[in-house]
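Okay, structure first, notes after.
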Amino acid sequence: MLTFTLRRLLLAIPTLFVISLVIFLLVDLAPGSPMSEIPLTVPPEVRKKMIEALGADQPVMVRYVLWLRQFFWVEPATLFDGWFGTNLAGGEQRILSWQSRAPVFTIIGQRIPQTLTVIGTAYLVGVLIALPIGIYSAYRQYSLFDQLGTLFAMIGFSVPTFFSGTLIIIIFAVTLGWFPTKYDTNLAVTDWPSFLQQLRQMAMPVMTLGLANAAVISRYMRSSMLDNMTMDYVRTARAKGMSERVVVLKHVLRNSMIPVVTVIALGIPSIFGGAIITENLFGVNGIGAALIGAIHASDLPMVQTLAFIFAVLIVTFNLIADVLYGLLDPRIRYD
Amino acid sequence: MPDRAAPVLDVRGLKTVFRTRGGEIHAVNDVSFHLERGELLGVVGESGSGKSVTMMSLIGLLPSPPAEIRAGTVMLGEQDLLKISADQLRAVRGARVGFIFQDPMTSLNPVFNVGFQIAEPLRRHMGMTKAQAAKRAVELLELVGIPDAAKRLGDYPHQFSGGMRQRVMIAIALACDPDVLIADEPTTALDVTIQAQILELVKELRVKLGMAIIWITHDLGVIAAIADRVMVMYGGQIVEQAPVKDLFANPQHPYTRALLKTIPSLTGAREARLQVIEGQPPIMTAAPTACAFRARCGHAFDRCEVDNPKRHAIDGVALGQGHDVACHWAPVTAEAAHA
Ligand SMILES: Nc1ncnc2c1ncn2[C@@H]1O[C@H](COP(=O)(O)OP(=O)(O)OP(=O)(O)O)[C@@H](O)[C@H]1O
Ligand code: SF4
Ligand SMILES: [Mg+2]
């Protein structure tokens, strides 16, 4: 298992290099200029100076190599320096956002907590409601509960979040007035009332994304349970006199969880992808909002860095899913 | 036969129906039989004749829906297994009745080690602690002839060969010292040498533990080797029942006789088996009103079309105790029987 993990990690390195290059080139091809948000009244010489100052006039390969160095050496070194007071980075230039001139990672550091609290919670809530629904739907296949579960999953599947989110805003914020329409990023949770306020403002985005996630995962759970429910070993467990609870929640569930855990792990990077629409809809100032903002401003370093981080997350969680699979299924041997 | 003790298992008038979208399937039709203490009862019949469904009906192993037990009593000692609650039935399964299935490759749970799977019934039915159950599990594995038993408790099913897995299944079925062991084609999925080893093991365990066994098989050769008494099933009914010697010496039912013609030698290839009988076994979409075998029977006459034959004794002994057959044409003499 350890050798497998190490081998996969080594393999990930060339993969990620290729991905980084592709991202860099693709993003660079996109039309737009970092000056597009600068007023037209600024004279061309000044614009030229500004572009030079950003380093945006350099050929793309030069910028790519610089970015690589910054991403893999300067940024980790800076982080290390920040923790231990060393001076590894030696004052080298970090990856700067063309839009705000601030280091890209500083901006990401500010945005990530917003994304994790809202979108991460939504994913967790989605998983927690999906598993019992999936299990019970399978156990009572074609029952009323199962039919309702199917309906719920169809809705979650087929209605895009920008629509269900808008609907939820209209129902719960506009009509019922239960929750605030706008997410207040600056709210600091210091006491009970502010905590409640945080919960209330999280409710709608969590509902929107949670519904979508629960729909997908509950289907996986259900079909995996159904696949296993008719297996011979289930009959053996019954023939041993095991209670229905043990048969279903131990024998069947343990087998059914293997593919579902994989699906859940593989879905985690999509937390960040899914964030893009939902964050914009509810005004959560997270990583998705940062990406959209950077795209609008042709802030290439920001877009490239974020896209690459998504790629790293996807590769990482693929690996995690494989390792989990091996841990859960004794039949899998990786070496 | 004078003064026989009460049988361990006494099944009367069992009737099991599957309600499917395409209509009802009458898989078991008025089946009655009993099992003596320490006896090995062989059950033979073609695929689809209702052997498995009959045995699974006894201890509520059929999924319901679609299965529905319409009638009958299943007396295990003083208890009618068809009347008791689901909880009481669970206390019987795995404790007083052990079950071994056909396919050892899929009958064990792949994600639990065999130690756990053997310990489960011990802990549930005998209230053993983890340590006691582990100790007993080692004894059981030794009993069924698994070498290095203590070391193998932590192994998973995929680490065992097919024959070894079937031994583990036997260990599980025997864990709580059942009165009755039901083995549903336990060797069909194994190759011939392994099959012979498992048969030897069961013969030996029978003597050691003294339980009664119901052994389902396609293979009359196996029956001849281990059974005391045989029951031949066709179309969800028992068509002939006799002590094993009588059945082989004096087969009555045309189906039994056709079956006997299909056995090769006792050790020969198993492939040619039952397919030799022309035609297909029936799918019973209704309770039988005519002989289920009539379409394939060389002796069929007009009565067979309108009257489902009842079992009748041919040796003057009470029905079920000696040799009986369900056929309008029988009885025939031993010489005629082999013609
Ligand atoms: N779940 C089910 N739904 C509908 N019909 C069923 C079901 N299980 C069994 N049957 C029917 O019951 C009949 C008897 O099947 P059974 O499995 O008892 O045969 P068998 O004698 O054990 O055959 P085999 O030798 O192949 O194991 C068959 O006709 C089969 O089609
Ligand atoms: S009852 Fe008739 S059809 Fe059935 S086996 Fe006997 S002779 Fe053949
Ligand atoms: Mg069968």
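The values are calculated or read from the model by the stated rules, or taken from the named source; none is laboratory data. These figures come from a predicted structure and were not determined experimentally. Reconstructed Cβ throughout: ideal geometry from the backbone, glycine too, with neighbour counts over all protein chains shown.
Whether any residue in region A:260-276 is in a helix (DSSP H, G or I) and within 14 Å of chain B (Cβ to nearest Cβ) is what I want to check. Yes, the conditions are met somewhere in region A:260-276. Please work out if B:D87 is closer than 27 Å to A:Y142 by Cα and acidic (D, E). Spelling it out, B:D87 is indeed closer than 27 Å to A:Y142 by Cα and acidic (D, E). For region B:275-287, taking the residues that are under 16 Å from B:Y255 (Cα atoms) and either within 16 Å of ligand 2 (Cβ to nearest atom) or within 14 Å of another protein chain (Cβ to nearest Cβ) (or both), the one that is modelled with the highest pLDDT is identified as B:P282.
Of all residues in region B:119-155, those satisfying the criterion of being crowded, with 19+ Cβ neighbours inside 10 Å and within 11 Å of chain A (Cβ to nearest Cβ) are B:A119, B:E120, B:P121, B:L122, B:R124, B:H125. Scanning region B:243-260 for residues that are surrounded by fewer than 24 Cβ atoms within 10 Å (Cβ to Cβ) and either closer than 24 Å to B:D179 by Cα or within 16 Å of ligand 2 (Cβ to nearest atom) (or both) gives B:P243, B:V244, B:N250, B:R257, B:A258, B:L260. For region A:39-54, the criterion of being in a helix (DSSP H, G or I) and in contact (Cβ under 8 Å) with a residue 60 or more places away in the chain is met by no residue.
From the list A:N285, A:N255, A:N280, the lone residue that is surrounded by fewer than 24 Cβ atoms within 10 Å (Cβ to Cβ) and modelled with pLDDT of 90 or more is A:N255. State yes or no: is A:E92 more than 30 Å from A:M202 (Cα to Cα), over 28 Å from the mean Cα position of the chain (by Cα) and not in a helix (DSSP H, G or I)? Answer is yes for this residue. Scanning region A:154-175 for residues that are more than 13 Å from A:G210 (Cβ to Cβ) and among the small types (G, A, S) yields A:S158, A:A173. Taken over region B:43-90, the criterion of being closer than 28 Å to B:A225 by Cα, touching a Lys or Arg at 6+ places or on another chain (Cβ under 7 Å) and within 16 Å of ligand 1 (Cβ to nearest atom) is satisfied by B:V43, B:G45, B:I59.
When A:R219 is tested against (1) under 30 Å from A:V260 (Cα atoms); (2) without any contact (Cβ under 8 Å) to a residue 40 or more places away in the chain; (3) crowded, with 18+ Cβ neighbours inside 10 Å, only condition (2) is not met.
With respect to the conditions (1) acidic (D, E); (2) under 23 Å from the mean Cα position of the chain (by Cα); (3) farther than 30 Å from A:R63 by Cα, A:D232 lacks only one, and its number is (2).
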